[in-house]
Structure formats: C-alpha cells, structure tokens
1. Only one of (1) surrounded by 14 or more Cβ atoms within 10 Å (Cβ to Cβ); (2) assigned by TED's automatic domain parsing to the domain that holds Ala144; (3) on the phi < 0 side of the Ramachandran plot; (4) not in a strand (DSSP E or B) fails for Arg107. Which number is that?
2. Exactly one of (1) farther than 23 Å from Thr217 by Cα; (2) part of a strand (DSSP E or B) is unmet by Val99. Its number?
3. Only one of Phe83, Phe49 is in the same structural domain as Val210 (by TED's automatic domain parsing) and modelled with pLDDT of 95 or more; which?
4. Could you please give the count of residues in region 1-53 that are farther than 20 Å from Arg131 by Cα and of a type in the set (Phe, Trp, Tyr)?
5. State which residue pairs qualify: first residue free of Cβ contacts under 8 Å to residues at least 24 places away in the same chain and inside region 55-67, second residue β-branched (Val, Ile, Thr) in any location, beta carbons under 8 Å apart, and separation of 6 or more residues or different chains.
6. Of the residues Ala33, Ala25, which is surrounded by 13 or more Cβ atoms within 10 Å (Cβ to Cβ), in a helix (DSSP H, G or I) and not assigned by TED's automatic domain parsing to the domain that holds Ala252?
7. Please tell me if Val115 is surrounded by 14 or more Cβ atoms within 10 Å (Cβ to Cβ), touching a Leu at 6+ places or on another chain (Cβ under 7 Å) and not assigned by TED's automatic domain parsing to the domain that holds Ala25.
8. Output the helices (runs of 4 or more DSSP H) that fall wholly within region 165-259 and possess 2 or more residues being at pLDDT 90 or above, or say none.
Amino acid sequence: MKRFLVQNAVLREGAVVALDAEESAHAARVLRAWPGDRVRVFDGAGGEFEAVVDSVSSRAVTCRLAGKAQAAGETPVEITFAFGLAKRNATDWIIQKAVELGAARLRPFLCGRSVPQRKEHHSDNRLARWRRIIRDATKQCGRARLCGIEDIIEWPALLEAAPPGAIRVVCWEGAEDDNAHRQEPAAMLRLSESLVMTDLKKANGLWLAVGPEGGLTTREIQAAAQAGWQVCSLGPRILRAETAAAAALAAALAAMGDL
C-alpha cells in the first residue's frame, strides 16, 4: 500500500491532511495517486492511519483519514547505530539499511581512516539528503517512526555520548587476531555471543558502532575500551563497511528475538 509522511499535523479520524510539496509531487507524478485511492498516512512519531486520497493536483494532495492502522513494530530495545563516514554511496546505503533494520538513531562519525568529504558536502544539504533517505526507507519498510540522525561527530566525542546505563559495543575486525587479545585487557567475543549474554531489556538502549572503510585503528579501539565500550568481532572474514553495518544490526536484532 502507498504510504505518505505528514508532519506538523495532528492525525485523527475524519481529518483531512495535506501532503507537503515533495510528497504531493511524488504521489501525483510518480505514484499516479487518484481520488478514492486507499493509502496510509504516518506522522513520523509512531502514528499511522488508513486514509483515502481526497484531492490531487501537481502542487497539493490531500487525504482523508479513516482510522488507525498498525505500523511495523519498533525494536524491543532502542538501537543507536554509529558508523564511520564512508564514501557517499556507501554512506547512503548504510543509512537506508539501518532504517530498514530498525535503528532508532544514527550517529555518523569521523575517525583516523574516515573517507575525506568534499567541501560542498559539509553543509545542511548533507543532513537534508540523509533525512530524505530516512523518509523513503521508512515508507518502504512499514515503520511509522522516523529514525533520528545528527551531523558528523568525532570518534572521541562519540565514545562519551552514550547515556548512563546504555550497552555500548564496537565491532572491530582485529578482535579475531590473537595479537589483539594480548593487547586489549578485556576478552573479546563475537557480537552475537556478547549480546546473547547481555540483558538488553534492562539496558538504557544499545549503542552499536562499526568503523569506516579501512577500519578503526588499534589506538581508537583502545580508547573505546578505556571508555567502557565492549569490543567485539563480526566473524573471521573482513567485511566492507556497509556489509559490517548490516551484519552488526542483524546480529543485534537476532539477539533481541526480533529477526
């Protein structure tokens, strides 16, 4: 079923709501919506309604809300997913898949091996593009709550950003190396093992981080361990940054019984 986002409006049965200019253009020109079509409307905060298209023009589409609908459920434990900034296409893909896999918040970060960004990407345009990707992925996957995203943060600041009581885990390919076990004071587990052994339901959310292309450095991992982060592996194979992102989120969902 076609789904549309309506923000800054109170959704209630019988109300007529207007889509914004971008959603209206997509509905009218791409999806070929027509008066009488049955659709769904959601507010980005968890509310979703069955609706009927009331009027259509190239500039404005309105929908009449018929009754509450059941959106796709959120994860049992809120996931804040942090990822090292990658190339533009890879970063966009990570954001899209993180939304589909249920992340509540996204925190892109810069570290020693992050891919340098072109000057023009250091602007509000970057966040606007990422929020469009989030909106479109939310519509596609059936969620009614928009995933939050903040602009880029430095790795040391990210390590201190998690709230008290949150489970904090960073995935690192070096955790499979025997030398890494000798360098790091804490024993390292695979992510799936670590999360199964953790009482996630009593935690103040799960913060999960993966590095950029090239991975996190040993020094950055040592800083994470000193800040109280658990260092885990995603297995014996070296994964691309975007593959690691999907694998980490999938492992978290499996540990919660949500996959």
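1. With (1) surrounded by 14 or more Cβ atoms within 10 Å (Cβ to Cβ); (2) assigned by TED's automatic domain parsing to the domain that holds Ala144; (3) on the phi < 0 side of the Ramachandran plot; (4) not in a strand (DSSP E or B) applied to Arg107, the lone miss is (4).
2. Only one criterion is unmet by Val99, namely (2).
3. So the residue among Phe83, Phe49 that is in the same structural domain as Val210 (by TED's automatic domain parsing) and modelled with pLDDT of 95 or more is Phe83.
4. The qualifying residues number 2.
5. Matching pairs, first to second residue: Ser55/Val61; Ser55/Thr62.
6. The conditions single out Ala25.
7. yes
8. Filter on region 165-259 gives 218-226, 241-256.
The values are calculated or read from the model by the stated rules, or taken from the named source; none is laboratory data. Everything numeric in this text was worked out from a predicted model, so none of it was measured. Cβ atoms come from the backbone with ideal geometry, glycine included; neighbour counts cover every protein chain shown.
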